[in-house]
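Below is one structure, written out as structure tokens; comments come after it.
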Amino acid sequence: MQNRLIDLPPLDLLRTFVAVGRRMSITLAAQDLCVVQSAVSRQIQALETALGCRLFVRAYRSIEFTPEGRHLFRTADPMLEQLGSVIGTLRPPAERPCITITATIGVTALWLLPRLGAFQRGAPDIDVRVAATNRLMDLERDGMDLALRYCPDAAAPHGAIRLFGEILVPVAHPSLGVTAIEDTPQLRRHVLIDYDDPSRPWLQWKHWLRGAGHKSGTAGNGRLLFNQYDQVVQAALAGQGVALGRLALVANLLAEGRLAVATRLPPVTTDHGYWLLERPGAASRALSAVRDWILAEAAAQPHVKP
């Protein structure tokens, strides 16, 4: 028996919930939706009231899913992503060419978006649509033109072009004065900002510390954990601790002096890399321009070996 549509919560409430869930931040979700923070908070409260359960646990400067919220997000996020793709195919084609790029939330926030303004100024006749999601999107099915993929080099998709590898180095705000986080006295004084993704242990402090000779893989002054990598970097920029920097994503911040290397040990190179994948049969002048721009930006990446 089909569920009655009248029993479902309003779509705008679900959209706000997914926006908060993707960013795990009321502030960033409000920016994504072009509304004020209080409006986002009210809509989340309205959805919780409609469902009769809490969806988030709110703490000081952070939020986390409740079990009910995590369950709802795992279903609502891909459903709204698919709905958006279908609606996009129903709209009349734009007169200007529009190239769609998909990338993870971290890669989008830290690598792609800071560079897009320069591209738009240089190619004002081409629109670019960015689909930021940690879900692996199918270019054909989801109507994407280009994808920035992060994967082991041995598992790169057929036809993908390697942009650069994954190099890891501890980073912190210069005001903290961290020069060698591997030294026990400094390690005990500072909070470690960690990427809360068990599926990628090589990006976590426990793995790096063991490689640096700390057998326990733990720190003395606690950890601050985030489930999105761009949040890890934002916390480091705010001086909240030391982060394990993915050099491809923080190289510009290091070059600008907004972050500083926090170790005397050499960078760690992993078996992962960043790749550019193009949808077969999607060739066009506009797509070639965007693809060539991404390749040029990757080649000019500071401090990152291609």
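The values are calculated or read from the model by the stated rules, or taken from the named source; none is laboratory data. Computed from a predicted model, the values in this text were never measured in an experiment. Reconstructed Cβ throughout: ideal geometry from the backbone, glycine too, with neighbour counts over all protein chains shown.
The table for this structure:
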{"read-out": "Leading residue by the ranking (nearest to Ala132 (Cα to Cα)) among those in the range 30-61 that are in contact with a helix residue (DSSP H, G or I) (Cβ under 9 Å, 6 or more places away or on another chain) and either in a strand (DSSP E or B) or in contact (Cβ under 8 Å) with a residue 40 or more places away in the chain (or both)", "value": "Phe56"}
{"read-out": "Which numbered condition Gln186 misses (of (1) exposed (fewer than 13 other Cβ atoms within 10 Å of the Cβ); (2) in a helix (DSSP H, G or I))", "value": "(1)"}
{"read-out": "Residue list for the range 71-126, restricted to those being part of a loop (DSSP other than H, G, I, E, B), within 20 Å of Asp142 (Cα to Cα) and of a type in the set (A, V, I, L, M, F, W, C)", "value": "Ala94"}
{"read-out": "Gly245 being at pLDDT 95 or above and either more than 25 Å from Asn134 (Cα to Cα) or in a strand (DSSP E or B) (or both)", "value": "yes"}
{"read-out": "Residue count for the range 65-91, restricted to those that are surrounded by 14 or more Cβ atoms within 10 Å (Cβ to Cβ) and either among the β-branched types (Val, Ile, Thr) or on the phi > 0 side of the Ramachandran plot (or both)", "value": "1"}
{"read-out": "Restricting the range 137-154 to residues that are loosely packed, with under 12 Cβ neighbours inside 10 Å and touching a strand residue (DSSP E or B) at 6+ places or on another chain (Cβ under 8 Å), the residue that is farthest from Cys98 (Cα to Cα)", "value": "Ala154"}
{"read-out": "Pair list, Cβ under 8 Å, 6 or more apart: the range 191-214 residue among the basic types (Lys, Arg), other residue not in a helix (DSSP H, G or I)", "value": "Lys206/Gly217; Lys206/Thr218; Arg210/Gly217"}
{"read-out": "Residue within the range 249-264 that is modelled with pLDDT under 90 and not in a strand (DSSP E or B) present", "value": "no"}
